[in-house]
Amino acid sequence: MLHREQLRTSRRDEMIDITRQVASIVSRAGADEGIALVYCPHTTAGIAINENADPDVKRDVLMRLDEVYPWEHPKYRHAEGNTAAHLKAITAGSSQSVIITGGRLLLGRWQGIYFCEFDGPRDREYFVKILRG
């Protein structure tokens, strides 16, 4: 089963917790055992799993990504001017796989699933593929 979800980002860089949406898809699909594959089809956004208890973690991650990949750099050549967003998306990755067991996502106590925007604000989408088994 493939599910398409849409969202609107509000800032250039942000991490949006989509854990509840993905868990709801798993529940509605009636998947007892399997894998939920969460995929982002954008070259300037990604999917990550990380801590969702302390909001400072998101702030720190985004701050450090800005330090590693500054928005402006004299050697960037990409005509659109968003090279940093592409680099951040490569770092985050385009997908994450989460085990489904007992009808629920198998995440650690502090883990959440994030849609990572690096070139917003934009209308975005992501997909969740449920692989039963």
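No value in this document is a laboratory result; all are computed from the given coordinates. Just so we're clear, the structure is a prediction, and the values are computed from it rather than from any experiment. Every residue, glycine among them, receives a Cβ derived from its backbone with ideal geometry; neighbour counts consider all protein chains shown.
Some notes on this structure:
- Sparse-neighbourhood loop sites, trypsin sites (Lys or Arg not before Pro) in the stretch 31-133 - DSSP loop, at most 16 other Cβ within 10 angstrom: Lys75, Arg77, Arg109, Arg122
- Sparsely packed GluC sites (Glu not before Pro) within the stretch 31-97, loop by DSSP, other Cβ within 10 Å at most 13: Glu72, Glu80
- Using C-alpha pairs under 8 Å with a sequence gap of at least 6, the mean separation divided by the residue count of the stretch 2-132 gives a relative contact order of 55 percent.
- DSSP-assigned coil residues among trypsin sites (Lys or Arg not before Pro) in the stretch 11-51, each with at most 14 further Cβ atoms within 10 Å: Arg11
- Phi angles of the stretch 46-57 translate, via the Karplus equation with coefficients 6.51, -1.76, 1.60 and θ = phi - 60°, into HN-Hα couplings of x, 10, 9, 10, 7, 4, 10, 8, 10, x, 5, 4 Hz per residue; Gly and Pro are given as x.
- Distance between the stretch 56-80 and the stretch 110-133 - C-alpha centres, whole angstrom: 20 Å
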